[in-house]
Amino acid sequence: MLNPAKIIQLNQMRTDFNSPEFDEGMDIIIDAQNRTKGSTYVSGFKFVEVGENRTKKIEFRFTV
């Protein structure tokens, strides 16, 4: 697993090296990346009335 920030940093050095081998290596690394969309986690709670003068805390957690 390569750090995506480091790949971007290396890719910005293409003009500094001006090398076809470096360009080819960067193309291989970039093509090999598995890009996945991140998830958003949501959690919360709500008090629900369950009887006369009684409430219950309902919690929820899910991924969007």
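Bear in mind that the values in this text are calculations on the coordinates, not laboratory data. None of the values given here were measured: they were computed from a predicted structure. Virtual Cβ from ideal backbone geometry, glycine too; neighbours counted across all protein chains shown.
Please report the spacing between the Cα centers of region 1-23 and region 30-56 in Å, no decimals.
38 Å
Ranking ASP27, ASP16 by Cβ neighbours within 10 Å, fewest first, what do you get? All intermediate terms of the calculation are to be shown ahead of the outcome.
Values: ASP27 12, ASP16 8.
With the sparsest Cβ surroundings first, the list reads ASP16, ASP27.
Dipole of the chain, Cα-centred, from +1 at each Lys and Arg C-beta and -1 at each Asp and Glu C-beta, to the nearest 20 debye? Show your work: numbers first, answer last.
Details: 9 positive and 9 negative charges, 150 e Å.
Dipole size: approximately 720 debye.
Angle check, please: helix 20-32 long axis (alpha carbons) against the longest principal axis of the chain (alpha carbons), in degrees 0 to 90, nearest 10.
That works out to roughly 20 degrees.
May I ask you to derive the relative contact order of the chain, considering only C-alpha pairs under 8 Å and at least 6 residues apart, and to give it as an integer percent? Let's see the in-between values first.
On the way: 43 pairs, mean separation 15.3, N = 64.
So the answer I get is 24 percent.
Semi-axes of the equivalent ellipsoid of the chain: what are they in whole Å, largest first, if each equals the square root of 5 times a C-alpha gyration tensor eigenvalue?
Details: eigenvalues 578, 20, 7 Å².
Square roots of five times the eigenvalues give 54, 10, 6 Å.
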